[in-house]
Amino acid sequence: MSMVPSSIGPYRIIEGLGSGANGEVYLAEDTRLGRKVAVKTLSALDSKELTEAKRWVLREARAAARLNHPNIASVYDVLESPEGAHIVMEYVCGETLAQRLRDGPLPPAQVLEIAVQLADALAEAHSLLKPGNVIITPKGSVKVLDFGLAQVRAVEPGSTPVRSSRDFTLDGRQIGTPPYMPPEHLMGDPVDVRGDIYSLGVMLFELLTGHRPFQGPDAMALTMAILTQPTPRAGSGNAAVPPALDAIVFRAMSRLPQDRYASAAEMADDLRRATAGPAPSPVVSGRDAVLHAPTVSRDGRRPLPVGRRRRVFSIAGLIVLVGLGVYSAVARGRPPASSASATGPPVVAVLPLATVAGDTQGESLATGIADSLISSLTRVRGLTVISRQATLTYRDRKQDPAAIARELGVTVMVDGALQRSGDRVRVTLSILRPGSKIVSWSNSYDGSLTDLLKLQTEVGEAVVDAFSLALTSEDHQRLQQPPTRNIDALADYSQARTFLDRPDVKDNLDHSIALFLDAVAKDPRFVAAHAGLGAAYWRRYLATHDIVWSDKARDAISEALRLDPSNAAARSSFAVILSDTGRKTEAIEELRKAIAAQPSADEAHQMLGRLLFEAGDQEEGLAELRKAISLRPQYWSHHHNLGMALYKAGRFQEALLPFRRATELQPDQAWSYQMLGTTYHALGQPEQAVSNYLRAIQLGHSKAYSNLGTLYFEQSRFGEAAHAFEEALKIDPRSPVAHRNLGDVYAHLGQQVKARKYYEMAAQLTSDQLKINPRDARTLAMLAVYEAKIGNRRAAGQHISEALAVSPTSGEVLYRKAIVVALAGDGDAAVAALEAALERGYSASFASKDEDLALIRSRPEYRRI
């Protein structure tokens, strides 16, 4: 560092803080305001470069000074002097991430906290991040330095720059630090916000692993590595990295900009979802080590991508009219009677209405009108209507109508747009049949913001009428009953629903609960508000696992049902709460009542079928699953769930047909290909199994690696099995199954110490899962197997007994018992448990190849069964 000046303008220099290739950084006192500041001086350039640098730095600094964000160090002042250009910034006390990295990688939970703050900062403005430019304050807050400024980069230990490349250039050459620069920047292509996301991904990788994703002895070697080498996974370098965080970092570091997050806000949303915790693990079928049989979510959808954050306007409270009355006659725009008719059951999706980009108030209005349309159509018998939540992912219209219809399994879609000019609103709607690409009906409606209720009614009645259904007097009566006559309660309710749609955003759930409580206080007979309050309480329970919130949720929805016993949606929600808290019998009764009130509720039929099947009433359960298919025959998820039930019943040949149908309806989803492979595997048809496993892997389903590895293991192809299991472990480092699989390979190869290490890790990870749901029979049984493999017979016996107490007739759990007692040396008990498992549908093909049953393989009883 050069000689420290005594002052720069009104700033008294206290001491030097650091230096870089292009300048100095000082701690100073603002003599006018009496506060400490950081002064950065750009001076170590030749005169020509310095002149250019001054212009560029001052321009960028003035832009940065306009920023105001808690995670961005503020720019207070810019100065020019004969010695150089100076930037006066907020002095942040703390430690840089580069300094933190000297001690190795950071805990994943801490990295998540840091990542959310950095993504929020990037959502505010541009910055190419690196660890030396991020400070952690003593209170744990993140501050980004040099935001929007790619100049005077102080050299921090642990963040060594590539020696043959300067960080700062002005004539079109690179500006930034090569290890953190996106590939498109290195290629000289334009860089947008996705370049910032790449930099953040690289930095998070380094925080999680302690090293950068790409290495090279000089700038050229590093550049070639970034441009040509496969993007590594953070989880491969640190097994403690949660799969969700691993996936986020991997996506952020994608080589192609279009494969990264489109915005920092979108990445921040995913990070917050990861902070909330992982989703429940998928079901595993077949050999306990590997054969994953993923289940489909309650509404059959894949997880929805989180959209950008939306502001909430009070005007939305005027139009999210759940259950608002719709009248039977329309004044204009009536379609021909046959215009919306179709062969087969009409399955309807109302898509989010398009709006002018940037019109946030218009977006709120559009969301409310679409929501109300769904509510109105749901009240009409003879229609199967897709839930509002299921359609939210199509807000940006990145797929064509045929693709959307295929994913949702619908035959008819209501689409449209909303335009707003001042207090005037125009809604344009159309009904189309995606398969034929024919618009069967279209119309426009005009109104004012002061007359939204009338406009809402007009739009709703026209769409209902467009389906040319014969409405009964009971239908008319239901449709004409508004949810509440208290406009203030309605406004509170509507805003509460808006907050509830985004529980991942900090404080939204608290706001939602408070507004629902306000709504029911203003109108105690407001059914939808009581039901919404129950939904918000249930979300709180899922986040905290505090039983107090599940009790509150049950009480709120019970009140909604007391006020309106025929409310099918509330009954279905109540059934979910009862089922997830272990009250399966009561859940079944609620679903029966929901179906009686709304016979076309396909998702209620599906859930009822699954619960009946799990309760041991397999035939009625299968009948309900088939009823769901009859109501929504083009929906792949219904076919998949029927296949799952048949598979669990050991009816493998029958399960093939629904799994095949699911792949035909949705050829780009991997779950059904995996289960098709698993079913062929159970039938002893390895070639077909491998073909479908590889297809699932190609589509991105990592669990299929484990299934493939098991098949190779059974064929004594141990090298290929180990490779497949290692790939599965790379993708999901916290998978107990993947650890157990590798333990089996090493045990077979005689490497007992290494095998035990993997078995112990499998047991630890499974114990962690039981902290979330201690009565999960399958997880208890799997833990018992892992404990048996490390010789902990007492714990294994206890856990298999607990599993059987929860699920005494499960073929899978009984099979785990056979393994546990066989490994303990009790051949008689193993034979008895195996026979019971096979009687309840467990695959004889899997059992015949399982090395864990070697103790009884030579016994006559084994050969007989």
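Remarks
- Förster-model FRET efficiency, 56 Å R0, residue 547 and residue 4, C-beta, rounded to 0.05: 0.35
- Segment residue 562-residue 720, length gained on full extension (0.36 nm per residue, minus Cα span): 50.9 nm
- Taking the Cα centre of region 757-852 as reference, the dipole from Cβ charges on Lys and Arg (+1) and Asp and Glu (-1) amounts to some 240 debye.
- Å³ per residue enclosed by the Cα convex hull of region 487-588: 87
- Inter-label distance for residue 619 and residue 770, nm, one decimal - labels placed 7 Å from Cα along Cα-to-Cβ: 3.7
- Mean Cα-pair separation over length for region 551-641, i.e. relative contact order, pairs under 8 Å, 6 or more apart, %: 19
- Principal axis dimensions, largest first and in whole angstrom, of region 727-865 by Cα: 40, 35, 27
- FRET efficiency for the pair residue 654 and residue 854, taken as 1/(1 + (r/R0)^6) with r the Cβ-Cβ distance and R0 = 30 Å, rounds to 0.40.
Bear in mind these aren't lab numbers, they're just calculated from the coordinates by the rules spelled out. Small disclaimer: the values here were computed from a predicted structure and weren't measured. Please note: Cβ atoms are built from the backbone with ideal geometry, for glycine as well, and neighbour counts cover all protein chains shown.
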